[in-house]
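Only one structure is covered here, and it is reproduced in the block below.
Read the figures in this text as sums done on the coordinates, not as results from a lab. Remember, it's a predicted structure, so these values are computed and weren't measured experimentally. All Cβ positions, even for glycine, are placed from backbone atoms using ideal geometry, and neighbour counts span all protein chains on display.
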Amino acid sequence: MSRVGKKTIKVPAGVKVSFKAPLVEVSGKAGSIKKIVPSSIAIEIKGDEITVRNLSDDPGKHNLHGLWRTLVANMVHGALNGYSRDLELQGVGYRATVQGSKLSLTLGFSHPVEFPLPQGISAAVEANTKISLKGADKELVGLVASNLRKIKPPEPYKGKGIRYQGEIIQLKQGKTAGAGGAGGGK
């Protein structure tokens, strides 16, 4: 039995949890999240505590117990406080602006890139180069941040591109002049 799965989840005030197999729904001040739970997992709600149980004897499905306990705990935290992910643009002339539910990025391409934000995700841009994504669903916030980074990942020689805030890019050494080889011999 999973040590993580055995732990109960405390439901703070202001968060509403409902489970009607196979759908679990958590709503709070930051938003509402719905997920479909596998048939081998049961969720019990008693007062302000949630217990996740494994109904299957199949050893291949025991790993779902701890996973779903963690996913439900993330849903409760996200519905109450929300999640955020920060990205920064590195490069001369790189900038971002928010236009409604779209993010407009100027990244050195011949045209600006329009990135539509999915429902439940909001973006804020600070100083034209810092993007902050916020949402209730941890998985969706991470997925949107990853898709944004894929548009122009940091290149290994100058580090230009979109990176997570605080990410360290290992830069490669460029070519050096007069390092032997061509034109240096007698």
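Once the C-beta distance of Lys150 and Lys61 is scaled by a Förster radius of 25 Å, the resulting FRET efficiency is 0.15 to the nearest 0.05.
Here the Karplus curve 6.51 cos²θ - 1.76 cosθ + 1.60, taken at θ = phi - 60°, turns the phi angles of the range 26-37 into couplings of 10, 9, x, 5, 7, x, 10, 10, 10, 9, 8, 8 Hz, with x standing for Gly and Pro. Within the range 19-121, the trypsin sites (Lys or Arg not before Pro) that combine a DSSP coil assignment with at most 12 other C-beta atoms in a 10 angstrom radius are Lys29.
At full extension, Tyr157 and Thr97 could sit 19.0 nm farther apart than now, given 0.36 nm per residue minus the alpha carbon distance. Here the range 1-41 is scanned for amide nitrogen atoms under 20 Å from the site 7 Å beyond the Cα of Leu143 along Cα-to-Cβ, giving 22-28, 30-39.
A Förster radius of 25 Å, combined with the Cβ-Cβ distance separating Lys29 from Phe115, puts the computed FRET efficiency at roughly 0.40. Shape of the range 8-91 from its Cα gyration tensor (a ≥ b ≥ c, root eigenvalues): rounded if a/c is under 1.5, otherwise prolate when a/b > b/c, or oblate? In terms of gyration-tensor shape, oblate. Can you work out the FRET efficiency for the pair Asp86 and Glu49, with r the C-beta to C-beta distance and R0 = 41 Å, to the nearest 0.05? Rounded to the nearest 0.05, the efficiency is 0.80. Listed by chain and number, the lysines whose C-alpha is less than 26 Å from the C-alpha of Lys102, apart from same-chain residues fewer than 8 away, are Lys29, Lys34, Lys35, Lys130, Lys134, Lys138, Lys150, Lys152, Lys160.
Starting from the Cα gyration tensor of the range 72-186, take the square roots of the eigenvalues, sort them a ≥ b ≥ c, and report rounded, prolate or oblate (rounded when a/c is under 1.5, otherwise prolate if a/b is larger than b/c, else oblate). Here the range 72-186 falls in the prolate category. Rounded, prolate or oblate for the range 65-134? Axes are the square roots of the Cα gyration tensor eigenvalues, ordered a ≥ b ≥ c, and the cut-off for rounded is a/c under 1.5. Prolate.
Karplus-derived 3J(HN,Hα) values for the range 112-129, using 6.51 cos²θ - 1.76 cosθ + 1.60 with θ = phi - 60°, are x, 9, 9, 10, x, 8, x, 5, x, 10, 10, 10, 9, 10, 10, 6, 6, 10 Hz; glycine and proline are entered as x.
With a cap of 15 neighbouring Cβ atoms within 10 Å, and only residues DSSP puts in a loop, list the trypsin sites (Lys or Arg not before Pro) found in the range 120-166.
Within the range 120-166, the qualifying trypsin sites (Lys or Arg not before Pro) (loop, at most 15 other Cβ atoms within 10 Å) are Lys158.
Here the spin labels are modelled as points 7 Å beyond Cα on the Cα-Cβ line, and at Leu171 and Ser122 they lie 3.7 nm apart.
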